[in-house]
Amino acid sequence: MLMHTRREFVTLLALSGAGLLPGIARLNAAEAPRKPNSKVAGVQIGINVPYSFANGTMSGADILKNCLQLGISGVELRTQPVEAFLGVPTELVNGKKADAATTSANAERLRQWRKAAAMERVTEFRKMYEEAGVLIEIVKVDGIFKMTDDEVDYVFTLARTLGGRAISTEISPQDQDLKRLGRFADKHQLMVGYHGHATTTPAHWEKAFSFAKYNGANVDLGHFVAGNNVSPVQFIKEHHERITHVHLKDRKLHNGPNTPFGEGDTPIAEVLRLIRDNRWNIQGTIEFEYKIPAGSDRMTEIARALKYCREALA
C-alpha cells in the first residue's frame, strides 16, 4: 500500500498537473492549491471512500487526490487507510482468507496493535486532509460488532480524533449488537449511523433508536426505495435528528437496479432540498454503485453524480 507524508502529497499534486486536477488552478511553486468546496446551499455533499473508488487498499493520500480532482470537500472515510497510515501490518486489515487458527491469531495481533496506536499520528492524518480542504465527517468501521470492548473504545476515539461527528457501520439484525454499540455511543457521545440495505425497514432503525440516545441512521436512499417501495422522505422528516448522513444513489422500485442519478425512482433531489430548507446537519454522501456506461470511466461518472446534486440545490 502506498504511503505518503504531507510533504510528499504536496509534491504529488505539483507533479500531477492542472490537466488532471480540473478543480485546481495552474500553479507556480510559490502558490497553494485552491481548496475544494462541495458544500452547496448549506448542504455538504460528500462521498463514501475508498468504496466509491472501487479500491479498498487506496492510501489516504491517493483518496485525497481523487477528492481534490472531483472538488469534494467532505467524506465518509473507512478506517483502513487511516490504520495503514499508522503502520498496521497489511495482512491484519486486508489479508486473504485464512484458517480459523490464523484468523484468531491475527485478530489478537490487531487488537494489541490498536492498543498501542498513537493518536498523534491520527492527528497528522486529519491535518493532511483539513489543510487540503477536505473534512472527515463520518468514519466507517467494518466488523465493529466482533471487536472487543477496548477496540470499540479505540474506534470511537479514532473517529473523534479524525474530526468525525459520527461513526457508521452496517446495521445488525441482532438487538444485542445494537444495544451494546449504543452503550459505547452514549459513553463517547458520538452518533452511530447504522447503514441499511434493501431489507432494512423503518421499524428496524426505530428499534435501534430505542436502545440508545446516540444510535442513529445512515439512510441509503436507493436501497430504501428499492426495498420498501416508498419514498424515504417521511422517515427522514420524522427522524432527522437521528440521521447522520444519507447515501446518495439512484435505484428503481421493487429491488430494481442502480441507475445514473436522475434515471431511477429515488427522490435524491427532493431529499437534498429537504435538508437544505430545514438546515439539517445531514451529509449527502455519494455512494457510487451503478454500472459505468461504455466509453466513460468511474471518475467521470462520479463527477456527473456530483453535478446532479449541485444542480438540485442550485
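Give me the extension gain from residue 54 to residue 230: residue separation times 0.36 nm, minus the current Cα-Cα distance, reported in nm with one decimal.
60.5 nm is the gain from fully extending residue 54 to residue 230.
At 1.4 Å probe size, what's the solvent-accessible area of residue 187? Round to the nearest 10 Å².
Surface open to solvent at residue 187 totals about 130 Å².
Leaving out ligands, DNA and RNA, and with a 1.4 Å probe, what % of the accessible surface on the chain is carbon or sulfur?
Carbon with sulfur: 51 percent of the solvent-accessible area.
Can you tell me the length gained on complete extension of the stretch residue 204 to residue 41, counting 0.36 nm per residue apart and subtracting the Cα distance?
Length gained between residue 204 and residue 41: 55.5 nm.
What is the Rg over Rh value, at two decimals, for the range 59-207, using alpha-carbon atoms and the Kirkwood definition of Rh?
Rounded to two decimals, Rg over Rh is 0.97.
What are the principal axis extents of the Cα atoms in the chain, in Å, biggest first?
55, 49, 36 Å, listed from the longest principal axis down.
What is the extension gain from residue 153 to residue 189, computed as 0.36 nm multiplied by their sequence separation minus the C-alpha to C-alpha distance, in nm to one decimal?
Length difference between fully extended and current span is 11.8 nm.
Enumerate by residue number the GluC sites (Glu not before Pro) in the range 71-137 meeting two conditions: DSSP loop (anything except H, G, I, E, B), and at most 16 other Cβ atoms within 10 Å of the site's Cβ.
none
Just to verify a number: what accessible area does residue 263 come out at with the full protein assembly present, 1.4 Å probe, Å² rounded to tens?
Rounded to the nearest 10, the figure is 100 Å².
Just to check I understand the Karplus step: with θ = phi - 60° and J = 6.51 cos²θ - 1.76 cosθ + 1.60, what whole-Hz values come out for the range 214-229, glycine and proline as x?
9, 7, x, 10, 9, 7, 8, 4, x, 5, 4, 5, 5, x, 9, 6
Show the residues, 5+ positions off or on another chain, whose built amide H is closer than 5 Å to the amide H of residue 191.
Answer set, sorted by chain and number: 167.
Which three extents, in whole angstrom, do the alpha-carbon atoms of the range 248-314 cover along their principal axes, largest first?
Its Cα atoms span 38, 28, 16 Å along the three principal axes.
I'd like to know how the range 157-314 sits against the 2.2 N^0.38 Å rule of thumb: what's its Cα Rg over that expected value?
In units of the 2.2 N^0.38 Å rule of thumb, it is 1.05.
The values are calculated or read from the model by the stated rules, or taken from the named source; none is laboratory data. Owing to the predicted nature of the structure, the values given are computational and were not obtained by experimental measurement. Cβ atoms come from the backbone with ideal geometry, glycine included; neighbour counts cover every protein chain shown. Quick note on the areas: whole protein, heavy atoms, side chains included, nothing else; ligands and nucleic acids left out. Shrake-Rupley method; radii C 1.70, N 1.55, O 1.52, S 1.80 Å.
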